[in-house]
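The values are calculated or read from the model by the stated rules, or taken from the named source; none is laboratory data. Here the structure is a predicted model, which means the values were calculated and not measured. We place every Cβ from the backbone using ideal geometry, glycine too, and count neighbours over all the protein chains shown.
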Ligand SMILES: [Zn+2]
């Protein structure tokens, strides 16, 4: 179960999303609409064309996830075979890993799988497949059901695997199979009810719409509408949510640019002096352990308390335990920065505590990046967005929305085969479409 604060936050996000949708009616289609989108970050997976800029190329590199053990399909088949309260539990062997196949978009949701040759240094193109749908084909007179493929950006999958390994929080997704279950349940839990598509007349689902809209920033209607010639729009609106999230150039110096000077100390509080003395007397490994508790799912409070020396906060930043999305800071750049700061500011220290607190705060005003108090490269902001999306995932976090027919969704229920962490549920429960309250689910 999610902590109360998480649920409150999701409710708040839903409200934001609703208001955004109302405003969204004023704008023209977003750049990802009608395109195949990454199941993790929600932005477009682009076909590789010569017109793309170097900054966009990472969005052409896709991975197709698929389950060789077809766990979802077996559970679905079993469920349909007998929707009885006392139906036997189905034990499925899922010994094989979820497959990851590199691929490139050909058009819409059709991709070509790419495999490395034996030396691993050249690409060999393989078969063409459709993503995010069930289908089969005839092969040598036999009907073969193809794997269900879910497409993501290769970079987003790498971020996801890092989150699964390094997140210090109690998150639901810790392995690739659980990630697969999250995505698989979002796409389709019943043949009749497909995921919503941002363009309703497109035959297959192109993009999942989460209640918080994937933290996609709101763009004012005039910037995306026909009020400006298209070239002008592109120059004016920086789509940081489409920036490469992995290797961000000048990352360390850009983060350090946010450092301000520590204000002159007021009269020392005796209890604080005493705490600091006792803390510094601890062996380094115990100090590190104490500092590891600073990691907070909702971010640290923004107010500094001055209990720890500034160099400890600098260490907290560099170790990356509390800010695991920032583990690639360059220590040499930090050392040079400190030397320069010393020459320029004398004994006035940088406020490392304030910087760490700001960096820890959730999603950095992602709804309004331009007014964020943190000035960070777009790639890092996008990495933070994707990181947050992974940390919030759980199996069954989104029940499907009826796409084609407009009927009240209140009475529609769908089966759920796994609990939030991906354990098989027995017996299968059915949840109401559109309901966020899993406890009010009804038995099959
Ligand atoms: Zn992505």
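Figures for the structure shown
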read-out: Residues satisfying the stated conditions in the range 46-59, i.e. touching a helix residue (DSSP H, G or I) at 6+ places or on another chain (Cβ under 6 Å) and within 15 Å of the ligand (Cβ to nearest atom); value: 46, 58
read-out: Residue in the range 163-171 that is assigned to a helix (DSSP H, G or I), within 16 Å of the ligand (Cβ to nearest atom) and either farther than 21 Å from residue 105 by Cα or in the same structural domain as residue 71 (by TED's automatic domain parsing) (or both) present; value: yes
read-out: Some residue of the range 65-73 being modelled with pLDDT under 90 and within 13 Å of the ligand (Cβ to nearest atom); value: no
read-out: Candidate set: the range 100-132, residues that are at pLDDT below 85 and out of contact with any strand residue (DSSP E or B) (no Cβ under 8 Å at 6 or more places or on another chain); chosen: the one surrounded by the most Cβ atoms within 10 Å (Cβ to Cβ); value: 108
read-out: Lone qualifier among 318, 307 - being closer than 18 Å to residue 357 by Cβ, surrounded by 13 or more Cβ atoms within 10 Å (Cβ to Cβ) and within 33 Å of the chain's Cα centre (by Cα); value: 318
read-out: Residues that are in a helix (DSSP H, G or I) and in contact with a strand residue (DSSP E or B) (Cβ under 8 Å, 6 or more places away or on another chain), drawn from the range 137-159; value: 154, 157
